[in-house]
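Structure first, then comments.
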Amino acid sequence: MADTPQRPEKSIALIGMMGAGKSTVGRRLAKRLGLPFVDADEEIEAAAGLSITEIFERYGEAHFRDGERRVLARLVDGPPRVIATGGGAFMDPETRALMHARCTAVWLDVEVEILAERVGRRDQRPLLKGQDPLTRLRDLAAVRNPVYAEAPIRIRSGGLAHDKTVAQIIAALASAPPADCPG
Ligand code: S3P
C-alpha cells in the first residue's frame, strides 16, 4: 500500500485542454490526498440549471465564461480541494490571477493527437461540435499552451494511465516549493 501523501494546504486546480483527463485524474488525486473533489463544469451547470451545451446554445460563450468566472471565484475561495476546471477557465485573466494566488495550478499537458483520439469525432462539446477535432484542438492549443505554461506544475501525461498521472502529480507536489509565505 502506498504511503499517504501529505495533505496540501492550498487547493489544487487541474488545468489543460478538453480530453486531458482533468476530471478523472482529479477524482483519483483527491481520493489519494484525502481532499474533496469538485468539477467546475458541473458546478456551472448546477448554478445555471442548464447543461454546458444549453448555456452555449441559448446565451453564447461570453455568458458561459461569466458564469465560469463566478463559479471559479467561489471554488478557489473555499477550503482546500481538488478542482477540475474546464479547458478555457485558466485563459481568463481574473480566474488565472485567483488560481495563482489561492491554488497550486497543475497543467495536464497532453499532445493534441492523443486529445483528438480521446474526444472522438462525435464529441458534443460546444467548441468542437461539427468540426474536425484535431484541427480545432491544434488551433486552441496553439493559443492556450503558452498560458497554461504559467502553471507552476506541468505534467506531460501523454499516453499514461490516469493512475500514473496521479502518482506524477503527487511527486511533483511533494517536491514543489512550499506555499507562499507572506513577507
Ligand atoms: C471548454 C472546455 C469544457 C467546457 C466547455 C468549454 C473549453 O470543459 O468547460 O465546453 O473552452 O476548452 P472540459 O475541458 O472539461 O472538457
Selection over the range 108-166 where residues are outside any helix (DSSP H, G or I), surrounded by 13 or more Cβ atoms within 10 Å (Cβ to Cβ) and polar (S, T, N, Q) yields a count of 2
Residue count, the range 22-37, condition outside any helix (DSSP H, G or I) and surrounded by 21 or more Cβ atoms within 10 Å (Cβ to Cβ), comes to 0
Per the list (1) modelled with pLDDT of 95 or more; (2) of a type in the set (Gly, Ala, Ser); (3) farther than 20 Å from Phe56 by Cβ, residue check on Ser157 breaks on (1)
Which one of Leu140, Leu127, Leu72 is within 12 Å of the ligand (Cβ to nearest atom) and at pLDDT below 95? Leu127
How many residues are of a type outside the set (Phe, Trp, Tyr), within 12 Å of the ligand (Cβ to nearest atom) and either over 15 Å from the mean Cα position of the chain (by Cα) or crowded, with 20+ Cβ neighbours inside 10 Å (or both) when one looks only at the range 58-69? 3
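Condition check ((1) in contact (Cβ under 8 Å) with a residue 24 or more places away in the chain; (2) of a type in the set (S, T, N, Q); (3) under 23 Å from Leu140 (Cα atoms)) across all residues:
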| residue | (1), (2), (3) |
| --- | --- |
| Leu14 | yes, no, yes |
| Ala20 | yes, no, yes |
| Arg28 | yes, no, no |
| Gly49 | no, no, no |
| Phe56 | yes, no, yes |
| Glu68 | yes, no, yes |
| Leu75 | yes, no, no |
| Glu94 | yes, no, yes |
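The values are calculated or read from the model by the stated rules, or taken from the named source; none is laboratory data. Values in this document were obtained by computation on a predicted structure and should not be read as measured data. Cβ: placed from backbone, ideal geometry, glycine included. Neighbour counts: every protein chain shown.
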